[in-house]
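Here's the structure, in structure tokens; my notes come after.
Throughout, read-outs are computed from the coordinates displayed, never taken from laboratory work. This structure is a prediction, so every number in the text was calculated from the model and none was measured. Every residue, glycine as well, gets a Cβ built from its backbone with ideal geometry; the counts of neighbours run over all protein chains shown.
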Amino acid sequence: METITSRKNPFVKRLRALGSESALRRETGETVLDGLKLLEEAVGCGAAVTGVLLGEGMELPPRLSDGLAPGAEVLRAPGELVSYASPVMNS
């Protein structure tokens with residue numbers, strides 16, 4: 001699993017853009033989910049989860065990693081970068 005540390009990382013930029021631009025979400029059919037509970041619900045409903053950003057020390061449970069879309073990116077980042085990437089104030 002790759003660890004990212006820069007706010008300039010394309011994955012982080014994409015999350016920020018999706019979180020702040022409703023037109024982009026409508027255009028791409030993508031959204032940002034914050035928290036394992038929402039991720040679990042999305043996987044359980046058959047949503048195509050294409051990327052996950054985990055904070056340091058977090059692990060993706062096997063039941064969730066098995067439900068990700070083929071080729072989904074799973075990245076790790078320091079907590080402050082995860083907070084920066086997520087538009088959600090309270091997960």
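Would a scan of segment 70-79 turn up a residue that is over 11 Å from the mean Cα position of the chain (by Cα) and among the acidic types (Asp, Glu)? Checked against the condition, which is being over 11 Å from the mean Cα position of the chain (by Cα) and among the acidic types (Asp, Glu), segment 70-79 yields no hits at all.
Quick one: which helices (runs of 4 or more DSSP H) lie wholly within segment 1-89 and hold at least 3 residues that are surrounded by 12 or more Cβ atoms within 10 Å (Cβ to Cβ), in contact (Cβ under 8 Å) with a residue 60 or more places away in the chain and among the hydroxyl-bearing types (Ser, Thr, Tyr)?
Ranges flagged: none.
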